[in-house]
Amino acid sequence: MTGDADGARRPLTGITLKVTSVCAFVAMSTFIKASGDVPPGQIVFFRSLFAIIPVVAVMAFRRELAVAFRTSRPAGHIARGLVGVTAMGLGFFALTRLPLPEWVAINYAQPLIVVVFSALFLGEKVRIFRWTAVLIGLVGVTIVSWPKLTVLTSGSSLGRDEALGVIAVLAGAAVSAVAMLLVRRLVLTERSPTIVFWFSITSTAMGLLTIPFGWAALDAAQATFLVMAGLCGGVGQILMTESYRHADMSTIAPFEYTSMILAIAIGFFIFSEVPTPHTIVGGAIVVLAGLFIIWREHRLGLPRGAARKVTPTQG
């Protein structure tokens, strides 16, 4: 999970690994959605605990476990873990209440919010081009979200869960953006295995602490789905981190948006979800805005790759 000297000379390998990681994360989301109405803290626990298995296996194979344990900034890791778990919980709550394509499209707000927070909290200079892209992207998010949010003012109880899902996924994207900023500070002194390992342990512990707030009695199918979600999350983390060993961030990051195509296909064939025109149009706008921001940050030489490679969109 660290860099190698000749990795940048294999961009096709990096792209393949990135797309495969996207498939793994979409599979994770599919298993979570298929598990039904499970408390988000319980989902966080299963996703985090069983993700540790492939992550630790790869670290052990590469003899990186000793590195993963060592840190000079435990408080920084715990803070990132608390924020990341909050983002995951909000996202998983939304996932059980929204169609998969809409959930994915609204999650794309995260990199837009990162730009805003970078300007507000880190003093990063953001010029007119990126501000314009952020505003256009947020218009796309609004197009996707608005039909659900209007339910809250209609007085009807129909669709209220979906409206709450939209609010949760937007809040989760904002919290996830904060997690990204915390990771950007950690990568200045900490190695990738350390960041990944500490987050896995922290999120597992935080998920377990939600037992007093109510866990569901799972049947065999639900338990299987959640275990598979965790394993897919761990594999996705490994593949995502590995992809950055072989190509630059500007080459790989745009392929994150292939998740929209997968989400539409899985939503249609597995969950019988037909994407609305609002989702397609708004999602396309958000994707284009995100691609422009990636291109612009590459042109400006902003150091975002190190944080991206250890931070999935869920936190």
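Values as computed for the structure displayed
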| read-out | value |
| --- | --- |
| Between the range 97-149 and the range 53-78, the alpha-carbon center distance in angstrom | 32 |
| Residue range of the chain that is longest and free of trypsin sites (Lys or Arg not before Pro) which are both DSSP loop and sparsely packed (at most 15 other C-beta within 10 Å) | 128-315 |
| The range 180-315 - Rg over Rh from alpha carbon coordinates, Kirkwood radius | 1.01 |
| The chain: DSSP helices with Cα axial extent of at least 27 Å and average Kyte-Doolittle hydropathy no lower than 0.0 | 11-34, 40-61, 74-95, 128-149, 160-186, 220-243, 277-300 |
| Long-range tail of P(r) for the chain (Cα pairs > 38 Å, %) | 8 |
| Cβ-based net charge around residue 17, under 12 Å, with every Lys or Arg adding one and every Asp or Glu removing one | +3 |
| Net charge over other residues, Cβ less than 12 angstrom from the Cβ of residue 276 (K, R count +1; D, E count -1) | -2 |
| Where N is the number of residues in the range 134-241, Cα Rg divided by 2.2 N^0.38 Å | 1.40 |
| Size of charge dipole - the chain - debye, nearest 20, with Cβ of Lys, Arg +1 and Asp, Glu -1, no other charges | 960 |
| Computed label-point distance, nm, for sites residue 65 and residue 53 using a 7 Å Cα→Cβ extension | 1.7 |
| Local electrostatic count at residue 83 - Lys and Arg +1, Asp and Glu -1, tallied over other residues with Cβ under 13 Å | +3 |
| Percentage relative contact order, the chain, counting C-alpha pairs under 8 Å, at least six apart | 43 |
| Peptides ranked, highest mean first, by Cβ atoms within 10 Å: ranges 275-281, 249-255 | 249-255, 275-281 |
| Relative contact order (%) - criterion: Cα under 8 Å, at least six apart; region: the range 36-127 | 39 |
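Rule-based calculations on the coordinates, nothing more; no lab input. Just so it is clear, the model here is predicted, and its values are computed rather than measured. With ideal geometry, Cβ positions are generated from the backbone for all residues, glycine too; neighbour counts draw on all protein chains shown.
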